[in-house]
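Each remark here refers to the structure printed beneath this line.
Read the figures in this text as sums done on the coordinates, not as results from a lab. Since this is a predicted model, take the numbers as computed values, not measurements. Quick reminder, even Gly has a Cβ in these numbers, built from the backbone with ideal geometry, and neighbours come from all protein chains shown.
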Amino acid sequence: MKQTMKQDSGRLNDPRFAAAVEKVLESYEALGGINHIEGYNLPSRERIVLIINDFEELIFPGYYDKEQLTRRNVRYVVGQRLARVHTTLVTEVAQSLLHTSRCDTAGKAMSRDEALNRADEMVLALIENLPQIREVLREDALAAVEGDPAATSFVDVVLSYPAIRAIAAYRIAHYLHVQGVPLIPRLITEHLHSKTGIDIHPGAAIGKGFFIDHGTGVVIGETSVIGNHVKLYQGVTLGALSVDRAKLDPQRKRHPTLEDNVTIYAGATILGGETTIGTGSIVGGNVWLTRSVPPDTKVMVDPPYLVYRNRRTGDTEHMPMDFSI
Amino acid sequence: MKQTMKQDSGRLNDPRFAAAVEKVLESYEALGGINHIEGYNLPSRERIVLIINDFEELIFPGYYDKEQLTRRNVRYVVGQRLARVHTTLVTEVAQSLLHTSRCDTAGKAMSRDEALNRADEMVLALIENLPQIREVLREDALAAVEGDPAATSFVDVVLSYPAIRAIAAYRIAHYLHVQGVPLIPRLITEHLHSKTGIDIHPGAAIGKGFFIDHGTGVVIGETSVIGNHVKLYQGVTLGALSVDRAKLDPQRKRHPTLEDNVTIYAGATILGGETTIGTGSIVGGNVWLTRSVPPDTKVMVDPPYLVYRNRRTGDTEHMPMDFSI
Amino acid sequence: MKQTMKQDSGRLNDPRFAAAVEKVLESYEALGGINHIEGYNLPSRERIVLIINDFEELIFPGYYDKEQLTRRNVRYVVGQRLARVHTTLVTEVAQSLLHTSRCDTAGKAMSRDEALNRADEMVLALIENLPQIREVLREDALAAVEGDPAATSFVDVVLSYPAIRAIAAYRIAHYLHVQGVPLIPRLITEHLHSKTGIDIHPGAAIGKGFFIDHGTGVVIGETSVIGNHVKLYQGVTLGALSVDRAKLDPQRKRHPTLEDNVTIYAGATILGGETTIGTGSIVGGNVWLTRSVPPDTKVMVDPPYLVYRNRRTGDTEHMPMDFSI
């Protein structure tokens with residue numbers, strides 16, 4: 001440690017180190033884009049994480065709390081938690097509004113007061129909507145309990161299942177996204193993507209009773225539309241057909257629609273804004289779909305053959321892959 | 001910041017905000033299931049993470065420690081660490097036992113003392129078993145060193161490989177699961193799922209010398225049985241055939257068996273409780289299997305053709321995919 | 001809590017617990033490999049994470065900072081941050097050099113001073129190279145803005161996209177790897193693997209304007225070579241053909257080469273050191289390639305058929321899978 005200190009101070013008087021510092025500072029001047037000095041504050045990833053944790057405790061009281069919730073303290077704990085989340089989220093939302101308005105060369109920049117008032121309105125609307133969001137999430141958790149033989153109880157699901165956390169955060173982020181909050185909705189869903197491997201764009205519209213089993217590798221694109229009681233497995237992609245960005249109308253629907261009671265098995269890929277999977281249909285594992293599927297249809301890969309080779313004799317045998325599930 | 005404070009207190013006297021708080025509280029009363037107030041404590045996700053970290057340091061002493069371990073201090077550091085992990089884990093296990101006994105409408109609820117005594121027995125048994133668990137994990141780490149050309153040394157593997165952390169936590173969780181500890185084993189494996197993208201259910205039975213390369217997207221289901229010296233690559237699923245939950249006997253084996261010295265390449269999916277991959281067999285990438293494979297067999301997808309299209313001339317050519325590895 | 005304390009002290013005088021502690025200590029003596037007592041310090045995972053965070057703030061100033069950067073404070077904040085990262089990283093690098101030299105039974109062990117001087121040189125070189133690394137990362141971020149219709153702005157990408165963080169850390173790790181720093185480069189990339197599901201080996205060589213969309217499940221092997229303006233989607237593997245470790249020349253190129261302007265769609269697997277994807281070529285989803293592809297070629301799976309079964313009537317119909325994207 002002493003050694004370290006010596007070194008350090010050594011470095012600070014070291015012309016080579018000092019020159020390196022200057023070069024880094026020059027590169028901040030030189031390069032637009034990746035430096036953001038005096039770029040009016042941006043929303044803070046760290047504070048967004050704290051806000052997400054508060055929402056998780058507000059949505060599932062008594063599950064993740066540091067302090068025990070009782071009938072006696074619940075009113076005060078919850079009131080204080082809502083006040084805190086309101087205050088911090090208003091600040092973050094106001095900053096993203098200011099940032100975006102200042103980047104938007106067209107419109108005139110927003111005033112700090114105007115941004116705070118808009119943010120206040122947006123966050124309050126979200127808080128007022130929490131009871132409805134909780135009802136939907138309850139259906140999501142029930143879908144997990146019913147949909148997964150390994151789920152031992154409702155408590156088990158809420159405590160340990162990654163999908164529940166990812167979907168809860170998505171529902172908060174989606175509500176903010178719909179109200180036009182910039183930057184923050186994506187920060188929220190990307191935090192859960194990092195925690196769960198489930199990548200849900202805040203723009204997607206997803207019905208109630210939604211369950212994702214295992215979840216790692218799932219991608220749900222910005223303009224996806226998902227009905228009620230839909231179930232996905234790990235590695236499912238709801239994506240866009242590649243399009244020349246230039247040709248693209250940003251409002252255009254690029255991702256598929258899944259109607260009610262659809263199930264999509266592991267590793268299936270469904271692409272395109274016109275692709276619709278009809279009510280009650282089932283898409284088998286590894287299927288790659290770029291066209292619509294009618295209701296009540298089961299789509300599987302037509303079994304390609306498997307080759308079995310005996311590693312000693314070298315004899316080979318063919319048998320069809322069996323995608324039936 | 002001052003502004004923020006103003007706002008906040010503003011909010012607290014704001015009838016609209018106060019009404020929102022009441023609505024949230026009402027929704028706690030209304031909705032069963034997702035609120036858990038006075039639901040006797042649940043195990044704490046945060047404390048489980050601390051316990052996992054202690055076990056990692058106990059299993060691999062000197063690798064992740066904050067303080068330097070020496071022959072002089074090791075007895076005291078380890079004794080204190082074991083005492084801490086024992087105390088905290090006993091508390092968590094007792095809480096899950098109490099929680100579960102109170103939910104179990106059949107049997108009469110367990111007393112707090114009874115829960116603590118049972119938890120004490122279970123945790124002590126785990127600690128007594130640590131030397132055996134370390135021996136198995138040593139074989140796991142050796143398998144990584146031998147199985148991955150990119151592994152530079154044993155130290156490299158233990159320091160950086162996600163699979164080692166996931167397997168170590170699984171072995172702790174499995175030991176608790178087998179003793180009948182509720183909730184906590186899954187909390188442990190889901191924490192590592194979040195860190196590594198490797199989803200191992202604590203119920204799976206896995207032999208020694210087990211290695212998972214890269215690991216992201218691997219799913220190992222609750223009733224999987226895996227022999228010794230098995231190697232998996234990223235994106236491998238050992239899953240269940242879909243079953244109507246109602247028809248399901250929870251004890252039934254739903255996931256496959258891999259015998260000794262089996263290798264499964266990236267993206268392969270193996271499903272079903274009756275599916276057994278025989279000793280020494282190899283399953284190629286992207287294979288989808290729902291039936292058993294005899295010993296010493298290599299199974300590959302029968303090459304579907306690839307289409308090569310020249311992007312300027314538009315000429316196309318066909319060639320079989322080559323799954324040989 | 002009182003109860004817990006009682007228990008705890010109870011345990012410390014408990015012969016059974018004391019015996020368990022002794023058994024764990026004996027297993028430390030018995031098992032080589034997984035214990036590392038007085039194994040001279042290893043680099044610390046925790047400190048590496050702090051160092052990564054410092055580099056993220058140095059590369060993208062004003063994006064992730066806890067404190068606001070202004071034209072007035074930037075020189076001092078950055079100078080202090082560079083001094084800190086230099087000091088801590090030199091200590092960690094020196095430790096891995098010492099560790100490795102002591103394991104290397106051939107050469108004579110390095111002295112602590114020698115290790116510190118070498119480490120100092122390596123870290124200073126990295127800091128001097130930061131401006132160049134920032135230029136390349138700017139191109140990477142631009143590629144994301146242009147390559148993803150869902151990207152709303154440069155700020156959006158730098159704030160929320162996992163690929164940018166994974167690539168930034170990889171570029172730092174690669175620079176250290178090329179200079180011969182042991183252990184630490186892999187610790188850096190595995191930390192980002194854990195955060196993003198993107199597994200890039202520090203040994204890979206990757207050009208500018210590199211983008212990975214979504215990213216979960218991507219694996220880029222040690223000897224991969226990637227040109228400029230390459231784009232990958234989630235679940236892409238650049239891997240090795242399986243080789244008997246014994247037969248292996250560690251220097252040998254085991255992973256593929258992607259030339260400039262190549263795009264690889266979701267779930268494709270490309271294997272082998274001799275496999276080269278030519279300039280401007282496109283590899284479709286789920287393709288499995290072990291041979292080279294000429295320039296300007298689009299490779300897709302030759303559509304296997306899909307089976308559509310009506311779930312009420314049971315009628316089935318066949319249609320080719322459409323991989324066109």
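Tabulated results
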| quantity | calculated |
| --- | --- |
| For chain C, diffusion coefficient by Stokes-Einstein and Kirkwood Rh (Cα), 20 °C, 1.002 mPa s, µm²/s | 93 |
| Segment B:Arg72-B:His318, extension gain: residue separation times 0.36 nm, minus the distance between their alpha carbons | 81.7 nm |
| Inter-chain Cβ neighbour average for residues A:228-238, partner chain, 10 Å | 3 |
| Point-charge dipole on Cβ atoms (K/R +1, D/E -1) for segment B:192-284, about Cα centre, debye to 20 | 140 |
| Residues with amide H under 5 Å from that of B:Thr269, placed H, sequence gap 5 or more | B:Thr237, B:Val287, B:Trp288, B:Leu289 |
| Chain A, dipole about Cα centre (Lys/Arg Cβ +1, Asp/Glu Cβ -1), debye to the nearest 20 | 620 |
| Relative contact order of segment C:204-295, pairs being alpha-carbon contacts under 8 Å that are 6 or more residues apart, as % | 24 |
| Sites A:Glu22 and A:Asn53, calculated FRET efficiency, Cβ-Cβ separation with R0 51 Å, nearest 0.05 | 0.80 |
| Positive dipole terminus of the protein assembly as shown, leading residue within B:Val74, B:Phe55, C:Val123 (C-beta point charges) | B:Val74 |
| Furthest towards positive pole of dipole, C:Ile184, B:His174, A:Leu289, structure part the protein assembly as shown, Cβ charges | C:Ile184 |
| For C:Ile226, residues with placed amide H under 5 Å, excluding near neighbours | C:Ala205, C:Ile206, C:Gly207, C:Leu258 |
| Choice from B:Ile133, B:Ile264, B:Ile206 with maximal GNM fluctuation in chain B (Cα, 10 Å cutoff) | B:Ile133 |
| Number of partner chain Cβ atoms within 10 Å, mean per residue of A:140-150 | 3 |
| Karplus (6.51, -1.76, 1.60) ³J(HN,Hα), θ = phi - 60°, over segment A:52-64, in Hz, Gly and Pro reported as x | 4, 4, 4, 5, 4, 6, 6, 7, 10, x, x, 8, 10 |
| Inter-label distance, nm, simple model (7 Å from Cα along the C-beta direction), A:Asp249/C:Arg311 | 3.3 |
| Considering only chain B, percent of DSSP beta bridges that pair antiparallel, nearest 5 | 15 |
| In order through segment B:163-170: 3J(HN,Hα) via Karplus (6.51 cos²θ - 1.76 cosθ + 1.60), integer Hz, x for Gly, Pro | 4, 4, 5, 5, 6, 4, 5, 4 |
| Listed residue pairs exceeding 32 Å between alpha carbons, taken from A:Lys66/B:Lys23; A:Lys208/B:Lys208; A:Lys23/B:Lys66; C:Lys253/C:Lys298; C:Lys195/C:Lys253; A:Lys231/B:Lys253 | A:Lys208/B:Lys208; A:Lys23/B:Lys66 |
| Karplus-derived 3J(HN,Hα), 6.51/-1.76/1.60, for each residue of segment C:172-185, Hz, glycine and proline x | 5, 4, 5, 4, 5, 4, 4, 6, x, 6, x, 6, 5, x |
| Length released on extending from C:Gln132 to C:Arg291, taking residue separation times 0.36 nm less the Cα-Cα span | 53.8 nm |
| Amide proton proximity set for B:Val293, modelled H, under 5 Å, gap of 5+ | B:Thr276, B:Ile277, B:Gly278 |
| Loop-resident sites, segment A:162-268, for trypsin sites (Lys or Arg not before Pro), counting at most 12 other Cβ within 10 Å (DSSP) | A:Arg252 |
| For C:Glu128, label point 7 Å along C-beta direction: distances to other copies, nm | 6.2, 6.2 |
| Given charges at beta-carbon only (K, R positive; D, E negative), |dipole| of the protein assembly as shown in Debye | 1300 |
| The protein assembly as shown - share of DSSP beta bridges that are antiparallel (%, nearest 5) | 30 |
